[in-house]
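Written below as structure tokens is the structure these notes are about.
The values are calculated or read from the model by the stated rules, or taken from the named source; none is laboratory data. Predicted model only: the values in this text are computed from it and were never measured. When we count neighbours, we look across all protein chains shown, and the Cβ atoms used for this are built from the backbone with ideal geometry, even at glycine.
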Amino acid sequence: MSNAPAALPESTAEPGPGRFILDYLRQVLAVAGAEAQKLRHDPMEILTRAIQPVLWLLLFGEVMARVRGLSSDNLAYMDFLAAGILAQSVLFVAIFYGISAIWERDLGVLHRYLVSPAPRSALVIGKGISASLRGLFQAVFVYLLALVIGVHTDLAPWAILGVLVFIALGAMLFATLSLIIACIVKTRERFMGIGQVLTMPIFFASNAIYPLALMPAWLRAVSHLNPLTYEVDALRALMLAGGASDYGVPLDVGVLFGIAAVLTTVAARMYARMGF
């Protein structure tokens, strides 16, 4: 946790819109780079996170594929499930990301961030980008596993690029939500309890493992408010050969981006007071 920079970049040039944007981006990347160093020092985290999608796809998927009516349209159930498990694995990585902020506060690293000249939103976005990097590692692994088990993936460059965009958006959204939770509870024990309580409802109240049409009306209404539903919807359209979106990819990206922007604004305000 001691990889944070002693001071984030600060400009000595004349202020201006272009200079402000450049400095802001440098500050975001400085935070993201410091966070990414933790992955280099702990590569086992990536490997252990990869176990979960293996279990879901090879155990749960193979069993549930024998149940008729679980997939939608003309997709085989393993194809249908692969996009949902990709989104789920990113969710599980991101939703516990906030615990790092609690560690940073306890170790004094948080204070070094807060006394820097960087806007608080730059700190939050930088951490969100770091969470996205973790999500992208998950995406690579799930793609490789999907190819091995015969999932019909769309390997067109534009489709893969679209998947990466939605993985990054989803990871940033849930990591930012995680930071907000960390700012509220402020202890590792309470954070872990709340994180575990949230993950399963978010996962099961989405279209990750069964189509919306199979849900009772009340659960379908809840799923429409669940950002994971829109991430899975877009991933299913982009990741799979012959995949389709129920809502439309433009709406999916608009919903995720809008929620992420609101959460970033809230997290930036709360993060500034976390160390006090």
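Please find, within the range 13-36, the residue that is modelled with the highest pLDDT out of those that are touching a helix residue (DSSP H, G or I) at 6+ places or on another chain (Cβ under 9 Å) and of a type in the set (V, I, T).
Of everything passing the filter in the range 13-36, V28 is modelled with the highest pLDDT.
Only one residue in A221, A208, A182 is assigned to a helix (DSSP H, G or I), crowded, with 17+ Cβ neighbours inside 10 Å and either at negative phi or touching a helix residue (DSSP H, G or I) at 6+ places or on another chain (Cβ under 9 Å) (or both), so which one is that?
Only one candidate passes the filter, namely A182.
State all residues of the range 122-171 that are in contact with a helix residue (DSSP H, G or I) (Cβ under 6 Å, 6 or more places away or on another chain) and not in a helix (DSSP H, G or I); if no residue qualifies, say none.
Listed by number, the residues that qualify are V151, H152, T153.
With the condition kept exactly as written, say whether any residue in the range 165-182 is under 21 Å from M78 (Cβ atoms) and touching a Lys or Arg at 6+ places or on another chain (Cβ under 6 Å).
No: the range 165-182 contains no residue that is under 21 Å from M78 (Cβ atoms) and touching a Lys or Arg at 6+ places or on another chain (Cβ under 6 Å).
Identify the residue in the range 57-73 that is under 19 Å from L147 (Cα atoms) and exposed (fewer than 11 other Cβ atoms within 10 Å of the Cβ) and, among all such residues, is modelled with the lowest pLDDT.
Here the answer is V63.
If the requirement is being modelled with pLDDT of 75 or more and either within 18 Å of N207 (Cα to Cα) or surrounded by 15 or more Cβ atoms within 10 Å (Cβ to Cβ) (or both), which of these qualifies: A76, A50?
Being modelled with pLDDT of 75 or more and either within 18 Å of N207 (Cα to Cα) or surrounded by 15 or more Cβ atoms within 10 Å (Cβ to Cβ) (or both) holds for just one of A76, A50, which is A76.
Do we find that S2 is modelled with pLDDT under 75, closer than 30 Å to A122 by Cβ and not in a helix (DSSP H, G or I) in this structure?
Taking the combined requirement at face value, the residue satisfies it.
Aromatic (F, W, Y) and over 22 Å from the mean Cα position of the chain (by Cα): is that true of F60 in this structure?
Yes, satisfied.
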